[in-house]
Structure formats: structure tokens, C-alpha cells
Amino acid sequence: VQLQASGGGLVQAGGSLRLSCAASGGTLSWYPVGWFRQAPGKEREFVASISRSGGTTNYVDSVKGRFTISRDNAKNTVYLQMNSLKPEDTAVYYCAAANAASYAYTGERSYDYWGQGTEVTVSS
């Protein structure tokens, strides 16, 4: 399965963005999906994940209450709604799919397929 992340851009602090992760060449509903991000000069970190059905989600503590991951299996797409954005959310955001049993995985090593990344810049 090929993943395409989109929806990034430049936004002021306190603003919102919605990222999309669209799949081709496969059915995304078969896979748990995660979002990761990499800020300049930092290692890539887990942001959020969702199980196949959407019934289980996980978030890194720094985004809880501000970000929401969801999926529309009919559209073969997973979303990351980001509200109350902060400058420290600035990063390249990647979506990934796990060829594994249904769960909301938090570790990079659980994921087998990665999208190309979409850049999010939050100005203060």
C-alpha cells in the first residue's frame, strides 16, 4: 500500500489544520495507522495512532486534548485534526501503516509502510 500525506501548511499559534493520509494500491482499513513527526534537528516521534476499526486510539501526551485521529475507511483515508497549534508542533508529519494485528501502535518499528511527509509550520 502507498500512503500520501497532505494538508500541511503555515498557521499561526492557536490555529488548526487537518492532515490527511490517503492510501492507494491497498485497502487502508486493513491496517492500523499512525502519525509521526520530525522537527528540525530532532528525532522522529510518535504523535497518534488508530486501530483498524477506529475503536482504539493513542496519543503522545503533548497533543492530548488538542489533536484527534480518525479514519474514514470508505474513503481509504485517515485524518489528524490538529487544534490549538503551538510553535512546538512545527515538524514534518508522516503517516504510516502497520501490517499487523489491529491495535493503535506507538512504536515506529510496528509500521511497515510510510508516506512522504507533509510540513506543518506554526508561527508564534
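Carbon and sulfur together cover what percent of the accessible area of the chain at a 1.4 Å probe radius? Spell out each step's value before the answer.
On the way: 2680 of 6070 Å².
Reported share for carbon and sulfur atoms: 44 percent.
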Per the charge dipole of the chain (beta-carbon charges, Lys/Arg positive, Asp/Glu negative, Cα centre), the residue among Ala22, Tyr94, Gln4 reaching farthest to the positive end is Ala22
Over all directions, region 61-109 yields a Cα convex hull whose mean projected area in nm² is 4.5 nm²
Taking only the alpha-carbon positions of the chain as identical scatterers, the Debye log10 I(q)/I(0) at q = 0.11, 0.12 Å⁻¹ comes out as -0.31, -0.37
Mean accessible area per residue over the chain (1.4 angstrom probe, all protein chains present, square angstrom) is 49 Å²
Simple spin-label estimate for Glu45/Lys64, 7 Å along Cα→Cβ, in nm, reads 1.5 nm
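The values are calculated or read from the model by the stated rules, or taken from the named source; none is laboratory data. Note that the structure is a prediction, hence the values are computed from the model and not measured. Note: ideal-geometry Cβ built from the backbone for every residue, glycine included; neighbour counts use all protein chains shown. Ligands, DNA and RNA are excluded from the accessible area calculation, which covers all protein heavy atoms including side chains. Shrake-Rupley method; radii C 1.70, N 1.55, O 1.52, S 1.80 Å.
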